[in-house]
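What follows is one structure encoded as structure tokens, with my remarks underneath.
A short reminder: the numbers here are calculations on the coordinates, not readings from a lab. Quick caveat, the model's predicted, so the values are computed rather than measured. Every residue, glycine as well, gets a Cβ built from its backbone with ideal geometry; the counts of neighbours run over all protein chains shown.
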Amino acid sequence: MERADLDEVMAIEEVSFPTPWSRTLFEEEIGRSFSDALVAVSPESGEVLGYAVCWIVADESHLLNIAVRPDARVQRVGTALLRECIRRGARAGADLIHLEVRAGNRAALRLYARDGFSFRGIRRGYYTDTGEDAILLSRELRESDAT
Ligand SMILES: CC(C)(COP(=O)(O)OP(=O)(O)OC[C@H]1O[C@@H](n2cnc3c(N)ncnc32)[C@H](O)[C@@H]1OP(=O)(O)O)[C@@H](O)C(=O)NCCC(=O)NCCS
């Protein structure tokens, strides 16, 4: 992700979440040494189809944000972004990737389940905008994930 992507990233962010990240937050992620901010770009049009932000801190990767443009969903763009986060975490020597997801987010739960994430716990009322619970998921990272 680069600053030039942020108009498209923000347009996706604003239709994807009840409490979207601000542009400033994305700008901060682009500059952080321990953050990987990725975009998935259409090979035909060059448009941003989705993005993900993951941190690698203390041998763990944390997926903080992932979204796909509504008209590009269910075409494996989310899977590609998730797998790139997994690959980068494994390459950096992390042994675990973890994340939080809204309990009612069926699309995201399906995405993570397909890629081997397991239930680790629940935080009641974690999302203060809707009162939803957070499901905590994680997945071990292996050497084979680095390729
Ligand atoms: C979650 C999200 C990133 C998934 O991206 P995507 O590109 O559509 O996902 P993929 O095409 O890679 O699909 C992965 C799996 O999830 C399934 N899936 C995707 N959307 C689904 C939906 N709305 N309902 C049920 N399953 C769904 C796909 O069918 C696929 O499983 P399958 O291969 O067994 O069929 C996308 O829906 C999104 O941007 N949502 C809004 C933002 C969001 O909720 N982010 C996650 C925060 S934790």
Size of the dipole of the chain about the Cα centre, Lys and Arg at +1 and Asp and Glu at -1 on the beta carbon, nothing else charged, in debye to 20?
600 debye
Please list, in order along the range 13-26, the HN-Hα scalar couplings obtained from phi with the Karplus expression 6.51 cos²θ - 1.76 cosθ + 1.60 (θ = phi - 60°), rounded to whole Hz, x for Gly and Pro.
4, 5, 9, 9, 9, x, 10, x, 5, 7, 4, 4, 4, 5
Ordering of 78-84, 8-14 by burial proxy (mean other Cβ atoms within 10 Å per residue, highest first)
78-84, 8-14
How big is the chain along each principal axis, measuring the range of its Cα positions in Å and listing the largest first?
38, 37, 29
Residue list for the range 44-84, given a label point 7 angstrom along the Cα-to-Cβ vector of residue 4 and an amide N cut-off under 14 Å
46-48
Using a 7 Å offset from the Cα along the Cα-to-Cβ direction at both residue 122 and residue 147, what is the distance between the two label points in nm, to one decimal?
3.9 nm
Tell me, what HN-Hα J-couplings in whole Hz come from the Karplus equation 6.51 cos²θ - 1.76 cosθ + 1.60 at θ = phi - 60° for each residue of the range 85-100, using x for Gly and Pro?
4, 4, 4, 5, x, 5, 5, 7, x, 5, 10, 8, 10, 9, 6, 10
If all Cα-Cα distances of the range 7-83 are sorted into 5 Å bins from 0 onward, what percent lands in each bin, rounded to whole numbers?
3, 15, 27, 26, 18, 8, 2, 0
